[in-house]
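Engineer: Let me give you the structure first, and then I'll get to my questions.
Bear in mind that the values in this text are calculations on the coordinates, not laboratory data. All figures in this text were calculated on a predicted structure; none of them were measured in a lab. Counting neighbours? That spans all protein chains shown, and the Cβs are built from the backbone with ideal geometry, glycine included.
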2 protein chains.
Amino acid sequence: MRWSDLEDEACSVARTVSVIGDRWTLLILRDCFLRVRRFEDFQERLGITRPLLASRLRKLVKDFVLAKVPYQQRPLRYEYRLTEKGRDLYPVIMSIVHWGDVHMAGKKGRPLLHQHLVCGKTFDPVMVCSACGEPLDPRQVHVHRGPGAAGSRNLPPDEQRRPRLAHQR
Amino acid sequence: MRWSDLEDEACSVARTVSVIGDRWTLLILRDCFLRVRRFEDFQERLGITRPLLASRLRKLVKDFVLAKVPYQQRPLRYEYRLTEKGRDLYPVIMSIVHWGDVHMAGKKGRPLLHQHLVCGKTFDPVMVCSACGEPLDPRQVHVHRGPGAAGSRNLPPDEQRRPRLAHQR
DNA sequence: TTGACAGGTTTGAAAAATGAACTGACTATC
DNA sequence: GATAGTCAGTTCATTTTTCAAACCTGTCAA
């Protein structure tokens, strides 16, 4: 399977991964949420090579995650800003940051702290159920096929179980 | 910058991306949360090449995201199970799934539906503030340097602003 | 007119992914 | 007891990506 084929998969992870499933893209998006907007700034902060940065930004613009908007004329210069679609990636980035804070932080602790301007406190992001508000545990979630399910390839295996290890019976 | 250098960066996104920032790894993890555990099943469901699957599983085991446990003797066979560290990636996967559901779903709607066994309802994942419980908006969050911050490279740019476009003054 | 700045593109070498076939330990069936 | 099948990988040659350094373009300031 080629990467570009992922867009056509009947799986939301595959389709999302076709947009952001790339190490540099995730780092670029992190910087976008830190209000970095210009080519040179991304390049210097990330240490990414210029051709790769150009290609990643081009793809993010094509996918409407970033918008390329002029910030001056003469010489015409552009900056890259998150669209609403791009801003909706905030939970993805925040959950990645949080996992890194918990499991990958060095001895000195986490590199950045987040302050919620609504309540004023330093916080961690928590993922909850939209229906009851309780934090989510993967063992308390069942998955069913939705209207967009195509074939059986991406269903959970207990809905398409074929006999396994028949010789063990 | 090499990918392996990312682990040493003073940025939680970079450190996390060094573990999961790969298209196949994210798809493997999606399947792990759907209770897929065996080499052949991953290979068939994902269409990943076998050498790549082997290398990704090896890395996830090395990073303690998955554990390789025997499920039978004679012939000795192993399966891959999420560790607690791996299960903590649930918000990452769920936020990716949700973004795909909202922004990348086809005309027929989302491929999978999630049911919360605690409340019984079909739900979406929502990311909230651990302090006040309100949903997070990136514009309502300020970032400060934490104890693990090293140098200024990964700080938000407003804390290290240098003069820009001096000739425009 | 010389140099600097912002935002890229070009080019050749190095690294990674792909696809197909193969290995090895074991079992089940003819 | 020969043959086929299962599962979890590895090997190897080919194609694709990525990397690093240098180069290009338009504009401005000294």
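Engineer: From Cα pairs below 8 angstrom and at least 6 apart in sequence, can you work out the relative contact order of region B:3-140, rounded to a whole percent?
Structural biologist: With pairs under 8 Å counted, the relative contact order is 13 percent.
Engineer: Report the calculated FRET efficiency for B:Ala54 and A:Asp8 (r = Cβ-Cβ distance, R0 = 35 Å), to the nearest 0.05.
Structural biologist: 0.85
Engineer: Which value, in debye to the nearest 20, describes the size of the charge dipole of region A:1-106 about its Cα centre when Lys and Arg Cβ atoms bear +1, Asp and Glu Cβ atoms bear -1, and nothing else is charged?
Structural biologist: 540 debye
Engineer: If you project the alpha carbons of the protein assembly as shown onto their three principal axes, what span does each projection cover, largest first, in Å?
Structural biologist: 81, 46, 42
Engineer: Determine, for B:Cys32, B:Cys11, the number of other Cβ atoms within 10 Å of each Cβ, and report the residues in order from fewest to most.
Structural biologist: Ordered from fewest to most neighbouring Cβ atoms within 10 Å, B:Cys32, B:Cys11 come out as B:Cys32, B:Cys11.
Engineer: Here is a follow-up. If you bin every alpha carbon distance in region B:3-140 into 10 Å steps from zero, what whole percent lands in each bin?
Structural biologist: Bin by bin from 0 Å, the calculated values are 10, 33, 35, 18, 3, 0.
Engineer: Determine the calculated [θ] at 222 nm for chain B from helices alone, applying -39500 (n - 2.57) to every DSSP H run no shorter than 4 residues and normalising by the residue count; nearest 500 deg cm²/dmol.
Structural biologist: -10000 deg cm²/dmol
Engineer: Under 29 Å Cα to Cα from B:Lys59, which lysines show up? Leave out anything in the same chain fewer than 8 places away.
Structural biologist: Within reach: A:Lys59, A:Lys107, A:Lys108, B:Lys68, B:Lys85.
Engineer: What spacing in nm lies between the two simple spin-label points modelled at B:His144 and B:Asp124, each 7 Å away from Cα in the Cβ direction?
Structural biologist: Between B:His144 and B:Asp124, the label points sit 3.2 nm apart.
Engineer: To continue, here is another question. Where the label is 7 Å out from Cα toward Cβ, how close does A:Arg77 come to the same position in every other copy, in nm, shortest first?
Structural biologist: 6.2
Engineer: Would you kindly work out, in nm and rounded to one decimal, the distances from the label point of B:Asp5 to those of the same position in each other copy, ordered shortest first, with label points 7 Å along Cα-to-Cβ?
Structural biologist: List, nearest first: 3.4 nm.
Engineer: Here's a follow-up. Which distances, shortest first and in nm, link A:Leu52 to the matching position in the other copies, using label points set 7 Å out along Cα to C-beta?
Structural biologist: Between copies, matching label points for A:Leu52 lie 1.7 nm apart.
Engineer: Pick from B:Ser95, B:Ser130, B:Ser18: which residue has the top mean-square fluctuation in a GNM of chain B where Cα pairs under 10 Å get a spring?
Structural biologist: B:Ser130
Engineer: From other protein chains only, count the Cβ atoms within 10 Å of every residue's Cβ in A:20-29, then give the mean.
Structural biologist: Neighbouring Cβ atoms belonging to other protein chains average 5 per residue here.
Engineer: Additional query: Using the basic label-point model (7 angstrom from Cα toward the beta carbon), what is the A:Arg35 to B:Lys62 distance in nanometres?
Structural biologist: In this crude label model, A:Arg35 to B:Lys62 measures out at 3.9 nm.
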